[in-house]
Amino acid sequence: MTILVIEDEPKTGDYLQRGLTESGFVVRLARNGRDGLALAREEVPELVVLDVMLPRMDGWEVLAALRADPATEGVPVLFLTARDEVQDRVRGLELGADDYLVKPFAFVELVARIRSLLRRGPAREEELIRIADMEIDVLRRRVRRGATGITLTAQEFALLHLLARRQGQVLSRALIASQVWDMNFDSDTNVIDAAVRRLRRKLDDPYTCKLIHTRRGMGYVCEAQAPA
């Protein structure tokens, strides 16, 4: 699970990154609101831990931008605030925050709240995903291209589902490894590339319109793209 921490106070940010990593999460850290928003759009996380008082863009602005973007509108956001005022909490919840913690807080409580939010899952899970002539029936775990059914293993389906539900977003190998294999990515292994090759043989090779593409040095993206 990838968590994006947006926190400008150096000691707090480093503490959160270290502690959450030790708790089994993949953690990205931004030191200001603008960089945090850019990271969220570049690689959509499973959850955002967001400080309110930030330079360049405050937490209110970041949250509003996340909720206005279709790619990030459903990502759970946990607010961190040093102000325990009712109006601040209400404002955050009205803007779309899922939970909040007042500083200082116990780290074990933060982790418990994060795990609780993640267990809730996305607010709306698409039952059908369509990209070009491909249809993914998420509930029945079936995949078709046109009228032809495609048989996938559980792991291949999980990989395709991850790529398809983030259509148009380039997903890094580290993100794919953490989501599909629940492991940290080791640059010395080719498990991700091999899995993508197997998926392509079934999903793309027999068809003119290719759906899974490599972005060299970045990762993979799922989008319809006819040959030049």
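Taking the alpha-carbon set of the chain, what are its Rg and Dmax in Å?
19.0, 60
Run the accessible area of the chain with a 1.4 Å probe and give the carbon-and-sulfur part as a rounded percent.
Heavy-atom surface of the chain belonging to carbon and sulfur, 1.4 Å probe: 49 percent.
Hey, what do the phi angles of region 88-105 turn into as Karplus ³J(HN,Hα) couplings, whole Hz, using 6.51/-1.76/1.60 and θ = phi - 60°, x for Gly and Pro?
Karplus values, whole Hz, x for Gly and Pro: 5, 5, 5, 4, x, 5, 5, 6, x, 5, 8, 6, 8, 9, 9, 6, x, 10.
Would you mind getting the accessible area per residue of region 46-104, heavy atoms of the protein chains only, 1.4 Å probe, in Å²?
45
Kindly express, to the nearest 10 degrees and within the range 0 to 90, the angle between helix 33-42's C-alpha long axis and the longest C-alpha principal axis of the chain.
It works out to around 20 degrees.
List, in order, the whole-Hz ³J(HN,Hα) value for each residue of region 2-17 obtained from phi through the Karplus relation with A = 6.51, B = -1.76, C = 1.60 and θ = phi - 60°; use x for Gly and Pro.
Calculated HN-Hα couplings, in order: 9, 10, 9, 9, 10, 8, 8, 6, x, 5, 5, x, 5, 4, 5, 4 Hz.
Pick from ARG130, ARG140, ARG89: which residue has the top mean-square fluctuation in a GNM of the chain where Cα pairs under 10 Å get a spring?
Taking springs between Cα atoms under 10 Å, the residue moving most is ARG140.
Identify all lysines with a Cα-Cα distance to LYS202 below 18 Å; exclude those on the same chain that are fewer than 8 residues away in sequence.
Within reach: LYS210.
For MET218, what accessible area in Å² do you get when you roll a 1.4 Å probe over the heavy atoms of the protein chains, rounding to the nearest 10?
Answer for MET218: close to 110 Å² accessible.
Once amide H atoms are built 1.01 Å from N in the peptide plane, which residues 5 or more positions from LEU80, or in another chain, come under 5 Å H to H?
LEU50, ASP51, VAL52, LEU101
Dipole magnitude of the chain about its Cα centre, charges +1 at Lys/Arg Cβ and -1 at Asp/Glu Cβ only, in debye to the nearest 20?
With only Lys, Arg, Asp and Glu charged at Cβ, the dipole is about 860 debye.
Quick check on region 31-131: what are the equivalent-ellipsoid semi-axes from the Cα gyration tensor, as sqrt(5λ), descending, whole Å?
23, 17, 12
Below 22 Å, Cα to Cα, which lysines can LYS103 reach? Residues fewer than 8 away in the same chain don't count.
Within reach: LYS11.
The values are calculated or read from the model by the stated rules, or taken from the named source; none is laboratory data. In this text, all values refer to a predicted model and were calculated from it rather than measured experimentally. Every residue, glycine among them, receives a Cβ derived from its backbone with ideal geometry; neighbour counts consider all protein chains shown. The protein model used for the area step is the full one, side chains on, heavy atoms only, and it has no ligands, DNA or RNA in it. Shrake-Rupley method; radii C 1.70, N 1.55, O 1.52, S 1.80 Å.
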